[in-house]
1. Would you tally the residues in the stretch 26-37 being exposed (fewer than 13 other Cβ atoms within 10 Å of the Cβ) and of a type in the set (A, V, I, L, M)?
2. In the set Gly192, Gly219, Gly159, Gly207, which member is in contact (Cβ under 8 Å) with a residue 40 or more places away in the chain, on the phi > 0 side of the Ramachandran plot and out of contact with any Phe, Trp or Tyr (no Cβ under 8 Å at 6 or more places or on another chain)?
3. Taking the stated definitions as given, is Leu126 of a type outside the set (Ser, Thr, Tyr), crowded, with 16+ Cβ neighbours inside 10 Å and assigned by TED's automatic domain parsing to the domain that holds Asp47?
4. (1) under 30 Å from Glu9 (Cα atoms); (2) touching a Phe, Trp or Tyr at 6+ places or on another chain (Cβ under 9 Å); (3) of a type in the set (D, E, K, R): which one isn't true of Arg87, the others all being true?
5. Exactly one condition in (1) touching a residue at least 24 places away in the same chain (Cβ under 8 Å); (2) within 30 Å of Arg157 (Cβ to Cβ) is not met by Val115; state its number.
6. Which of (1) surrounded by 14 or more Cβ atoms within 10 Å (Cβ to Cβ); (2) in the same structural domain as Trp66 (by TED's automatic domain parsing) does Asp187 not meet, given it meets every other one?
7. Out of (1) of a type in the set (Gly, Ala, Ser); (2) surrounded by 14 or more Cβ atoms within 10 Å (Cβ to Cβ); (3) not in a helix (DSSP H, G or I), what's the single condition that is false for Ala107?
8. Name the single residue, out of those in the stretch 8-25 being of a type in the set (D, E, K, R) and either surrounded by 11 or more Cβ atoms within 10 Å (Cβ to Cβ) or not assigned by TED's automatic domain parsing to the domain that holds Tyr111 (or both), that is farthest from Arg150 (Cα to Cα).
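The values are calculated or read from the model by the stated rules, or taken from the named source; none is laboratory data. In this text, all values refer to a predicted model and were calculated from it rather than measured experimentally. Every residue, glycine among them, receives a Cβ derived from its backbone with ideal geometry; neighbour counts consider all protein chains shown.
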Amino acid sequence: MPVWQLLYEDLKDRNFMVVAVAEDSRGAEQARQWIEQAKPTYWSLIDADHRVADLYGMVNVPQAVWIDEAGRIVRPAETAGSTDHFRRMDLTTRTMTPEDQAARLAARKTYLDAVRDWVLTGKHALAADTARDKQPRITPDIALAHAHFRLGTWLRRHGKDDEAVRHLGEASRLHPDSWNMWRQAADLAAVGNAGGPEFWARVKALGDRPYYPPPDLPGFGR
């Protein structure tokens, strides 16, 4: 959040707004502490039902969608400056090499600079047809996954955890590319489970496939 706050402060007089959305089915109380700690002056929303992820085809965090002043999507959902360098982390010490740390920071800066270029010059905005073609496709399985997910989160809020687990698990099965759905299901028993051994096993199972697909922008390899 601090880097987005700095970008917002730099560009807010250029008709630029950041809208941060916490995809947390546990609701406001779970996400509130992080938002209050960051003290952002841009809009910060909490999407307990993952409706934003559903509408814009988001499957992981952080992702971003660029929307111009006319309300047109000029860049559909894409990784917002994160990289897969974390996959080389030492899991015992939870540390990364200085080189990997530097590469992660450089990628984040490259992405933020691209946003700045877009706001100031219009650079990197996609033509309408291109943006439409890049918009994630909603298959019947994905649509059904979102229905199971919403039902699962509703059941959890009403204390029906056993039923919630079943529906959240089915959502993840139907939409295996959605790390957001899997993360919420994994954290059902206790916050933090989504970063445990099962997470790392799932990441390892990706093989050569990226956890964070690089955006189609200069400075990012594909």
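1. Qualifying residue count for the region: 1.
2. On the way: Gly192 fails: in contact (Cβ under 8 Å) with a residue 40 or more places away in the chain; Gly159 fails: in contact (Cβ under 8 Å) with a residue 40 or more places away in the chain; Gly207 fails: in contact (Cβ under 8 Å) with a residue 40 or more places away in the chain.
So the residue among Gly192, Gly219, Gly159, Gly207 that is in contact (Cβ under 8 Å) with a residue 40 or more places away in the chain, on the phi > 0 side of the Ramachandran plot and out of contact with any Phe, Trp or Tyr (no Cβ under 8 Å at 6 or more places or on another chain) is Gly219.
3. Numbers: of a type outside the set (Ser, Thr, Tyr): yes; crowded, with 16+ Cβ neighbours inside 10 Å: yes; assigned by TED's automatic domain parsing to the domain that holds Asp47: yes.
In short, yes.
4. Single failed check for Arg87: (1).
5. So Val115 meets the others, but not (2).
6. Of (1) surrounded by 14 or more Cβ atoms within 10 Å (Cβ to Cβ); (2) in the same structural domain as Trp66 (by TED's automatic domain parsing), only one is false for Asp187: (2).
7. Tallying (1) of a type in the set (Gly, Ala, Ser); (2) surrounded by 14 or more Cβ atoms within 10 Å (Cβ to Cβ); (3) not in a helix (DSSP H, G or I), Ala107 fails exactly one: (3).
8. Applying the first criterion (of a type in the set (D, E, K, R)) to the stretch 8-25 yields 9-10, 12-14, 23-24.
If we keep only those that are either surrounded by 11 or more Cβ atoms within 10 Å (Cβ to Cβ) or not assigned by TED's automatic domain parsing to the domain that holds Tyr111 (or both) too, we end up with 9-10, 12, 23-24.
Working: Glu9: 35, Asp10: 37, Lys12: 35, Glu23: 12, Asp24: 12 Å.
Ranking the qualifying residues of the stretch 8-25, first place goes to Asp10.
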